[in-house]
Amino acid sequence: MVEKIKTGIAEFDEMLNGGFPKNRHIGFYGGPGTGKTTFTFEILYKGALMGEVGYYFTLEEPPEMIIENMESQFSEFKNIRDLINRNMLIIEKNETYDINGIINQIEKGVLKYNVSRLVIDSLTIFKSLFSSEPEYRRGLIEFLNLLRTLDISVFPIIEAPTSARESFEYSIEHYVLDGIINLYNIYRGETRIRALEIYKLRGTAHNTDIVPYRVTPRGIKVYVGEKLF
């Protein structure tokens, strides 16, 4: 039987039939404004509340900016900085843009803090350090194989060229990762609705509907069963 970890987002765990398979690599793929950072941060935050150390590794935004943004988005999460001070939530930026340097920094951070859940923000920036698509694919597979030896659940962020479902494109990560959560912006007239789809998930049954979700001060709310089309 596959061991699972709960995301802590109740309705999303319901869609996942109890949670993600443990120690798998699940990408969050979406365009601008679809909630990639917000969604993955809450998975780390809820994991920290359950005693699992979360490590947010950013290749772009400074850690303090991420903290301030999350405190604003999730105003009811009063203990974000307390969890950071207790090393239950780690937010670090890359020290270099050298490929091996980034990999070494992540590995050292995971081992130093006894990490259970890792977010990488983003694989898109990591990809830009390679000279070609085939080189990136080989490098990504080697990197993921290393992460697999560390026995952690990994949630990489992948930037899509657009946030519209109609313009969806496959990425290398759709083939290589164990699972992909697609995040969309869907428009009803002039109203923008965020939506998610469990597009791929190896090793477990799961809901395949495209469902709306909202970011609230108390956390992400997924509306299972609500039809968008």
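Rule-based calculations on the coordinates, nothing more; no lab input. Predicted model, so just to flag it, every value in this text is computed and none were measured. When we count neighbours, we look across all protein chains shown, and the Cβ atoms used for this are built from the backbone with ideal geometry, even at glycine.
Kindly indicate whether E42 is more than 26 Å from Y170 (Cα to Cα) and not aliphatic (A, V, I, L, M). Against the criterion (more than 26 Å from Y170 (Cα to Cα) and not aliphatic (A, V, I, L, M)), E42 does not qualify. Can you tell me which residues in the range 32-54 are more than 18 Å from T124 (Cα to Cα) and either hydroxyl-bearing (S, T, Y) or touching a Phe, Trp or Tyr at 6+ places or on another chain (Cβ under 9 Å) (or both)? The answer is E42, I43, L44, Y45, V53, G54.
Sort through N104, N94, N85 and tell me the only one that's touching a Ser or Thr at 6+ places or on another chain (Cβ under 8 Å) and either surrounded by fewer than 21 Cβ atoms within 10 Å (Cβ to Cβ) or more than 22 Å from A160 (Cβ to Cβ) (or both).
Numbers: N104 fails: touching a Ser or Thr at 6+ places or on another chain (Cβ under 8 Å); N85 fails: touching a Ser or Thr at 6+ places or on another chain (Cβ under 8 Å).
Answer to the check: N94.
Highlighted here are the strands (runs of 3 or more DSSP E) found entirely within the range 11-107 that include at least 3 residues which are aliphatic (A, V, I, L, M), free of Cβ contacts under 8 Å to residues at least 60 places away in the same chain and in contact with a strand residue (DSSP E or B) (Cβ under 7 Å, 6 or more places away or on another chain): 89-93.
Residue check: is T7 in contact with a Gly (Cβ under 9 Å, 6 or more places away or on another chain) and either β-branched (V, I, T) or without any contact (Cβ under 8 Å) to a residue 24 or more places away in the chain (or both)?
Values: in contact with a Gly (Cβ under 9 Å, 6 or more places away or on another chain): yes; either β-branched (V, I, T) or without any contact (Cβ under 8 Å) to a residue 24 or more places away in the chain (or both): yes.
When the stated conditions are applied, T7 passes them.
Scanning for something of a type in the set (K, R) and over 14 Å from the mean Cα position of the chain (by Cα), does the range 65-85 turn up at least one residue? Taking every residue of the range 65-85 in turn, at least one turns out to be of a type in the set (K, R) and over 14 Å from the mean Cα position of the chain (by Cα).
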